[in-house]
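Written below as structure tokens is the structure these notes are about.
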Amino acid sequence: MYWPGDLGRAENCVTVEVRRLGSGNLAEARGMNALFAEVFEDQASYAARPPEDDYLRSLLGRDEFIALGAFKGDAMIGALAAYELPKFEQRRSEIYIYDLAVREDHRRRGVATTLIEALKPIATARGAWVIYVQADPPDAPAVALYDKLGVREDVLHFDISPGGDPKAR
């Protein structure tokens, strides 16, 4: 799917095309991981142990995994990874934005907002009642963006190891 858009204020405009990545977009998905590694300064999580082609192709082919890339020409300048979480209390789901990043030289131009806007029709089609995202309080630009787009819920987040050591990650 494609959603082209003009973004930002008139003096700071950038035109992007948002594409949903599928099983045939391995190179773009690897580029997405490289973008996350760069923007989040986290090579260990995003670049050190890349998934095999079969795993990545399978993940990208699942309706419950949503990978969106924002492209300026052939260059990916932003990306969003989200997961659909089916609920048990009602026949509905939630969409969790796991990662959202924009290259530094393209920030504050509406790219992240456009990625979230592109996610909305996908969420609606999947029967989602809400899209949610976490932000670390020190990341003021992200917090400001999400405040503009949604309702804040102050919650605590805990990582629980599935192994024996409760502090292992």
inquiry  = Tell me yes or no: at least one residue of the range 49-70 is at pLDDT below 95, more than 21 Å from Ile116 (Cα to Cα) and in contact with a Phe, Trp or Tyr (Cβ under 8 Å, 6 or more places away or on another chain).
reply    = no
- Do the conditions hold for Ala67, that is, is it among the small types (Gly, Ala, Ser), open to solvent by 60 Å² or more (accessible area, probe 1.4 Å) and either without any contact (Cβ under 8 Å) to a residue 40 or more places away in the chain or at negative phi (or both)? no
Taking the range 92-144 and the residues there that are in a strand (DSSP E or B) and charged (D, E, K, R), the one that is surrounded by the most Cβ atoms within 10 Å (Cβ to Cβ) would be Asp99
- Boolean, Asp159 is under 24 Å from Ala34 (Cβ atoms) and surrounded by fewer than 17 Cβ atoms within 10 Å (Cβ to Cβ): no
So is Gly73 modelled with pLDDT under 95 and either touching a helix residue (DSSP H, G or I) at 6+ places or on another chain (Cβ under 6 Å) or farther than 12 Å from Val102 by Cα (or both) or not? yes
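The values are calculated or read from the model by the stated rules, or taken from the named source; none is laboratory data. Everything quoted here is computed from the prediction, not taken from an experiment. All Cβ positions, even for glycine, are placed from backbone atoms using ideal geometry, and neighbour counts span all protein chains on display. To get the accessible areas, we keep the full protein, side chains included, count just its heavy atoms, and leave off ligands, DNA and RNA. Shrake-Rupley method; radii C 1.70, N 1.55, O 1.52, S 1.80 Å.
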